[in-house]
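Single-structure report; data block below.
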Amino acid sequence: MANDRELELPGLAELPYTSVINGFRVRPGLFQVKGAMAVPGGVSFTVQSSFGTACELCLFHRKEQEPYAVLPFPEDCRIGNTFSMLVFGLDIDEFEYAYRMDGPYEPSRGLIFDKSKYLLDPYARAVTGQSIWGIPKAFGSAYHARVVEDVFDWGGYRDHRVPFQDMVIYETHVRGFTKHPSSGVKHPGTFEGLLEKLPHLLELGVNTIELMPIFEFDEMAGSRTVDGHQLVDYWGYNTVCFYSPNTSYTAAVEYNHEGTELKKLIRTLNANGIDVILDVVFNHTAEGNELGPCFSFKGLDNNVYYMLTPDGKYYNFSGVGNTLNCNNPIVREFILDCLRHWVIEYRVDGFRFDLASILGRDEDGRPLAKPPLLESLAFDPILGHVKLIAEAWDAGGLYQVGSFPSWNRWAEWNGKYRDDLRRFLKGDEGTAYAAVQRICGSLDLYPPGYRQNASVNFLTCHDGFTLYDLYAYNEKHNEANGWNNTDGANDNNSWNCGAEGETDNPQVLTLRDRMRKNAFAVLMASRGAVMFPAGDEFCNTQFGNNNPYCQDNEISWLDWDRLKEHQDLFRFVSAMIEFRKHHPVVRKQTGPAHCGWPDISLHNGIAWNGEITGLTRQIGILFCGRNESDTEDDGVFLAINAHWESHWQELPVLPEGYSWKLEADTSDEKPEDPVRPFDGKGLEIAARSVAIFSITNR
């Protein structure tokens with residue numbers, strides 16, 4: 001995409017117009033600049049269609065449904081499949097715009113042109129009528145766009161990003177993070193409200209925030225009422241426009257300066273050492289299947305943008321109606337343009353791709369060995385330093401954890417880490433071997449030298465139980481979603497510790513607290529990037545709902561009063577994050593230890609015992625190497641006892657001058673007191689608990 005400054009050429013406003021259409025002077029526009037761009041003296045509008053025969057630009061007064069002017073693109077404003085027209089005399093503050101495209105109507109071939117429909121510009125920088133959450137859009141399925149003037153000053157920006165292995169990712173929903181009255185912020189449910197919670201993020205110690213979808217989506221699309229409660233598209237995984245930030249997430253209406261508040265958020269987080277990753281949805285759009293609305297891609301080039309069956313219906317590998325035809329050259333270029341836009345204009349540090357396996361399918365849905373889109377993203381110069389993280393599966397049954405095409409650039413949400421560790425930590429038989437693999441960086445999935453920086457380890461995320469619910473419910477409780485509890489995953493590998501849901505049984509509560517600490521301790525002592533959802537650090541609950549995609553209420557909003565109630569867990573999580581930061585051997589190979597010990601070794605119960613039987617529930621793992629200054633040995637010993645009985649864990653004998661320090665013991669019920677002493681040779685690890693030791697030369 002051309003640089004804006006390069007396009008502000010002297011004398012552009014004085015260029016001669018070639019036509020007068022409905023009172024507006026026009027001339028051919030900036031064909032290589034897609035979308036609408038303000039230039040001296042006017043605005044250039046550019047849109048593409050491979051099969052469209054004619055196009056009209058429709059101009060609207062703000063908040064009005066009918067256009068005050070319709071300007072057909074003249075013949076000299078079309079080159080190939082691109083329509084581009086510069087309209088003189090337009091003030092960007094005074095109009096909104098949309099397109100109408102004419103062409104053949106042959107549904108069996110996927111051609112459904114309708115010259116009466118208003119179409120949203122796929123490259124629109126702002127979508128109108130979306131700024132108030134929960135209000136039905138005035139124009140139904142018709143969307144208008146605005147021209148955005150970028151006046152944001154990044155001031156001294158530097159292209160600095162947290163190294164992959166160092167990332168502690170905090171998955172966050174912008175609205176749900178502060179919408180609950182207990183958040184205490186001035187601007188709940190907004191980018192500004194999230195920024196007001198910066199002190200919490202800094203105290204917690206996370207260094208990366210992954211924002212759930214912030215592209216423009218219509219939360220009211222498909223809204224319904226269940227038991228008197230309105231359900232909406234709360235999560236936002238149904239994109240309306242890929243270039244526009246969600247204007248309902250702003251504290252103030254940003255007419256023609258949309259994105260300013262989001263840019264401020266990103267700039268401030270970066271300045272405080274926190275990177276920002278966007279959760280992006282390029283596998284489908286909000287237009288749905290043949291029964292869904294037609295407001296953008298369908299009307300511009302339905303058979304180009306979507307995967308269609310031979311009879312013109314929609315393939316549904318996304319599970320929500322349609323599937324973007326990502327490896328079509330036109331769509332591939334669109335996605336590349338979009339991601340470059342967010343990196344250049346918003347300085348984002350990475351992307352997590354929802355149902356990313358779809359991005360590797362051909363137009364008939366077959367998996368490709370070397371998908372052109374994924375390869376293009378891996379080698380694109382603008383995207384050269386950003387994180388590319390795949391959710392390596394899709395709703396069509398393709399599961400690629402450990403085999404996602406990477407070119408050593410793509411990382412993966414490690415779903416196997418989640419599943420294997422959940423089973424092991426609750427004491428399932430025969431799961432120790434898999435648990436060791438996951439904790440040590442999933443070397444069976446990502447061999448050294450083949451896949452570097454590949455595994456994003458997590459135990460919980462937005463999709464599924466929270467950590468609190470993971471150890472409070474055996475079964476999902478999604479009745480409030482209105483599908484008779486049939487939605488959401490059934491294979492949760494959860495355990496209620498003896499009572500379903502809320503309880504006042506002190507033994508159950510104590511065990512649940514220990515299980516939560518076990519989970520965080522193991523996660524923070526695992527190799528690879530780590531991730532957990534906002535609120536897990538203070539026992540956020542969704543009341544057993546493992547699929548609250550439609551719940552814009554207390555089920556999904558974080559209750560900040562729980563931070564006061566569960567300070568013990570919050571302090572533990574903060575301490576474990578800090579511990580991880582101070583011990584590089586946990587995160588990565590750091591070079592050979594002076595003492596000659598291997599980078600990773602097993603000590604299951606007895607020092608240097610690497611045997612793992614099918615029945616073991618006890619693991620001892622030693623990470624060893626150099627400290628950050630590369631002068632002394634750094635070692636971290638992770639002892640896990642997932643059994644319901646205590647077991648002795650022997651520690652390796654250290655070289656002279658070094659000793660073992662007990663850093664954490666999840667069985668300690670009084671964290672305000674020092675952890676229990678030990679003789680330096682080993683420790684009786686309590687039932688269902690985790691202990692962590694470090695090597696010290698003090």
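Before moving on, here are some points about what is shown:
- Inter-residue pairs, beta-carbon under 8 Å, first on the phi < 0 side of the Ramachandran plot and in the stretch 38-57, second among the β-branched types (Val, Ile, Thr) and assigned to a loop (DSSP other than H, G, I, E, B), 6+ apart: ALA38/VAL147; VAL43/VAL147; SER44/VAL33; THR46/VAL33
- Test: residue in the stretch 180-188 that is assigned to a loop (DSSP other than H, G, I, E, B) and in contact with a Pro (Cβ under 9 Å, 6 or more places away or on another chain): yes
- For ASP301, the criteria (1) acidic (Asp, Glu); (2) over 17 Å from PRO122 (Cβ atoms); (3) outside any loop (DSSP other than H, G, I, E, B) hold in every case but one, which is (2).
- Of all residues in the stretch 413-428, none that is within 17 Å of PHE520 (Cβ to Cβ) has its Cβ atom under 7 Å from the Cβ atom of a residue that is surrounded by fewer than 19 Cβ atoms within 10 Å (Cβ to Cβ), 6 or more apart or on another chain.
- The strands (runs of 3 or more DSSP E) located wholly in the stretch 591-698 that include 2 or more residues which are touching a Gly at 6+ places or on another chain (Cβ under 8 Å) and over 22 Å from GLY441 (Cβ atoms) occupy 647-650, 659-665.
- Checking every residue in the stretch 568-578 against the condition of being assigned by TED's automatic domain parsing to the domain that holds ARG516, of a type in the set (Gly, Ala, Ser), surrounded by fewer than 21 Cβ atoms within 10 Å (Cβ to Cβ) and modelled with pLDDT of 95 or more gives at least one match.
- Those residues of the stretch 226-237 which are among the aromatic types (Phe, Trp, Tyr) and either farther than 19 Å from PHE353 by Cβ or exposed (fewer than 13 other Cβ atoms within 10 Å of the Cβ) (or both), in sequence order: TYR234
- When the stretch 388-403 is filtered for residues that are in a loop (DSSP other than H, G, I, E, B) and either free of Cβ contacts under 8 Å to residues at least 40 places away in the same chain or surrounded by fewer than 24 Cβ atoms within 10 Å (Cβ to Cβ) (or both), the ones remaining, listed by number, are GLU391, ALA392, ALA395, GLY396, GLY397, LEU398, GLN400, VAL401, GLY402, SER403.
- Residue that is surrounded by the fewest Cβ atoms within 10 Å (Cβ to Cβ), among those in the stretch 456-484 that are farther than 16 Å from TRP557 by Cα, of a type in the set (A, V, I, L, M, F, W, C) and touching a residue at least 60 places away in the same chain (Cβ under 8 Å): PHE458
- Whichever residue in the stretch 238-274 is surrounded by fewer than 24 Cβ atoms within 10 Å (Cβ to Cβ) and of a type in the set (Asp, Glu) and, among such residues, is farthest from HIS61 (Cα to Cα): GLU261
- The stretch 197-225 - residue that is acidic (Asp, Glu) and surrounded by 19 or more Cβ atoms within 10 Å (Cβ to Cβ) and, of those, nearest to the chain's Cα centre (by Cα): GLU210
- Verdict on LEU119 being farther than 26 Å from ILE335 by Cβ and crowded, with 21+ Cβ neighbours inside 10 Å: no
- For the stretch 45-70, the set of residues classified as hydrophobic (A, V, I, L, M, F, W, C) and closer than 18 Å to ARG125 by Cα consists of PHE45, VAL47, LEU57, CYS58, LEU59, PHE60, listed by residue number.
The values are calculated or read from the model by the stated rules, or taken from the named source; none is laboratory data. Keep in mind that what you see is a predicted model, and the values were worked out from it rather than measured. Here Cβ is always computed from backbone atoms with ideal geometry, including for glycine, and neighbour counts include all displayed protein chains.
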